[in-house]
Amino acid sequence: MTITYLKRGKPEAERSADDSEVRSTVENILKDIEARGDMAVRELSEKFDKYSPPSFKLSPGDIEALMNKVAPRDMEDIKFAQAQVRNFAQAQRDSMRDIEVETLPGVILGHKNIPVQSVGCYIPGGKFPMVASAHMSVATASVAGVPRIVAATPAFKGEPNPAVITAMHLGGAHEIYVLGGIQAVGALAIGTETIAPVHMLVGPGNAFVAEAKRQLYGRVGIDLFAGPTETMVIADETVDAEMCATDLLGQAEHGYNSPAVMITNSRKLAEDTLAEIERLLAILPTADTASKSWVDYGEVILCDTHEEMLDVANDIASEHVQVMTDRDDWFLEKMHSYGALFLGPRTNVANGDKVIGTNHTLPTKKAGRYTGGLWVGKFLKTHSYQKVLTDEAAAQIGEYCSRLCILEGFIGHAEQANVRVRRYGGKNVPYGAAAE
């Protein structure tokens, strides 16, 4: 395998050092929230967001007033995007069936898909008001039937963002808090004097939010580790440098630590894309952020073959993978570790981020090796149950169970089975013995 890095990002050791500092900061803040509740949350909001209203929770009147500030075209666009997200989430929900089967005469096994009872949806918004994130978490939880949906987002330029609040409300949020960062996810998971804790946290965020969710996992459920945005472009000579550079920088503008990786088997395309990136950074309004991400986390990897490109892509397991080649469906068949695929030059990651209908809360930091992204099924718990309807079935299963328990040395377990064998099978099994 011949792989050449035409550009590398920050060394892994430096990235690990950054992660260690984030871990320590988050741990201390979560301890403070647990110890001091609302007081700690208010101080943190004042410190990080310069925002300290009489109540972080919006009243129905507050919500209505904010929604009235949204322009008609923006309102129409928000509703269109939510319809796409709901439609796809509903199709996914419809694919998940409760089942009940008779595996042996008189033995009934089944499972039910039950919604999580309360969910905290975090919608980022300190730097950019992430309207679309409300669709992805709140509306999807609503389709799943979650009975208590709590949404939180930071103030934007010192006040609630009307479009984000509108998306939360239309998505189906039952409670809305103007609260951001670690203090938001910490308050939702731990609970305070005025915020009842939830059972699950979902939604993307910066490195601090992602780390807070990681540390809170176990106390509450989480959707996945969705940290700073990652994007990858897999391209060959079928596309041009403008397309590749635009798709790379379109995600690099998310933050200062958003990896953007290009994998190609065309040296000309790689070199042209590097040049095109420099041209675009000179005119991109968000170049301050995008250029920092590109310098520290951007990579261009030159491979010999499509097979090598595939292997490198699966190893990196990027959050967003834009595939623009002469064999896009081949990559769809062969890719196994990623967040979401965007196939062909006619689509792009921004479609998925904002409107097309698939969920944009996706795994980062190689988590795509073991999980997919947020979807309606994340809000559902699949619980099994069993029923034994006949004396014959109780005795038959009981005999097998008794012997297998004795095999493992579990006498009390065996007696659970034996009492059924004696009662329903009419057999005299001595206490602590295996049923024959």
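The values are calculated or read from the model by the stated rules, or taken from the named source; none is laboratory data. Note that this is a predicted model, so its numbers are computed, not measured. Neighbour counts run over all protein chains shown; Cβ positions are idealised from the backbone, glycine included. Protein only, heavy atoms only, side chains kept; ligands, DNA and RNA dropped before computing areas. Shrake-Rupley method; radii C 1.70, N 1.55, O 1.52, S 1.80 Å.
Just how far, in whole angstrom, is segment 19-55 from segment 357-436 if you go by their alpha carbon centroids? That distance is 43 Å.
Calculate the tail of P(r) for segment 7-74: the fraction of all Cα-Cα distances greater than 14 Å, expressed in %. Before the final figure, lay out the partial values.
Numbers: 1702 of 2278 pairs.
The share of Cα pairs beyond 14 Å in segment 7-74 comes to 75 percent.
One way to sum up the overall shape of segment 55-114 is the equivalent ellipsoid from its Cα gyration tensor, whose semi-axes run 44, 18, 5 Å, largest first.
Given the peptides 108-117, 81-90, 198-207, arrange them by the average over their residues of other C-beta atoms within 10 Å, most packed first. Write out the running numbers ahead of the final one.
On the way: 108-117: 15.4, 81-90: 19.3, 198-207: 24.7.
Order by mean packing, descending: 198-207, 81-90, 108-117.
How much of the accessible area of segment 1-50, in percent, comes from carbon and sulfur atoms when a 1.4 Å probe is used?
48
Normalised Debye scattering of segment 10-139 at q = 0.17 Å⁻¹ gives log10 I(q)/I(0) of -1.17, counting only Cα atoms as equal scatterers and leaving out solvent. Converting phi to 3J(HN,Hα) with the Karplus coefficients 6.51, -1.76 and 1.60 and the offset θ = phi - 60°, segment 350-358 yields 4, 3, x, 5, 10, 8, 5, x, 6 Hz in sequence order, with x at every glycine or proline. Mean residue ellipticity at 222 nm, helices only, the chain: -14500 deg cm²/dmol; runs of at least 4 DSSP H residues each add -39,500 (n - 2.57), and the sum is divided by the number of residues.
Structure remark: mean-square fluctuation, Gaussian network model of the chain, C-alpha springs under 10 Å; the largest value among Leu281, Leu389, Leu343 belongs to Leu389. Can you grab the distance from the C-alpha centre of segment 68-107 to the C-alpha centre of segment 294-347, Å, no decimals? Going from one Cα centre to the other spans 29 Å. Under 5 Å between amide hydrogens, built in the peptide plane, is the criterion, and for Val233 it picks out Val261, Met262, Ile263, Gln322 among residues at least 5 positions away or on other chains.
Rounded, prolate or oblate: which one fits segment 203-260, using the alpha carbon gyration tensor with axes a ≥ b ≥ c (rounded when a/c is under 1.5, else prolate when a/b beats b/c, else oblate)? The shape class here is prolate.
Give me the 1.4 Å probe accessible area per residue for the chain, excluding ligands and nucleic acids, in Å². Please list the in-between numbers first.
Details: 20470 Å² over 436 residues.
Spelled out: the 1.4 Å probe surface of the chain, per residue, equals 47 Å².
Put simply, the amide H of Lys381, placed in the peptide plane, has neighbours under 5 Å in Ile114, Val116, leaving out anything fewer than 5 places away on its chain.
Amide H to amide H, with H built 1.01 Å from N, Ser266 comes under 5 Å of Cys303, counting only residues 5 or more places away or on other chains.
Shape of segment 274-380 from its Cα gyration tensor (a ≥ b ≥ c, root eigenvalues): rounded if a/c is under 1.5, otherwise prolate when a/b > b/c, or oblate? Please report the intermediate quantities before stating the final value.
On the way: a/c = 1.68, a/b = 1.23, b/c = 1.36.
Note, shape of segment 274-380 comes out oblate.
As a rough guide to protection, the peptides 289-299, 323-333, 39-49, 251-261 ranked by mean Cβ packing within 10 Å, highest first, stand as 251-261, 289-299, 39-49, 323-333. Sorting the segments 266-275, 165-174 by their residues' average number of neighbouring beta-carbon atoms within 10 angstrom, most packed first, yields 165-174, 266-275.
Per the Debye formula on identical point scatterers at the alpha carbon atoms of segment 296-352, with no solvent, log10 I(q)/I(0) at q = 0.27 Å⁻¹ is -1.32.
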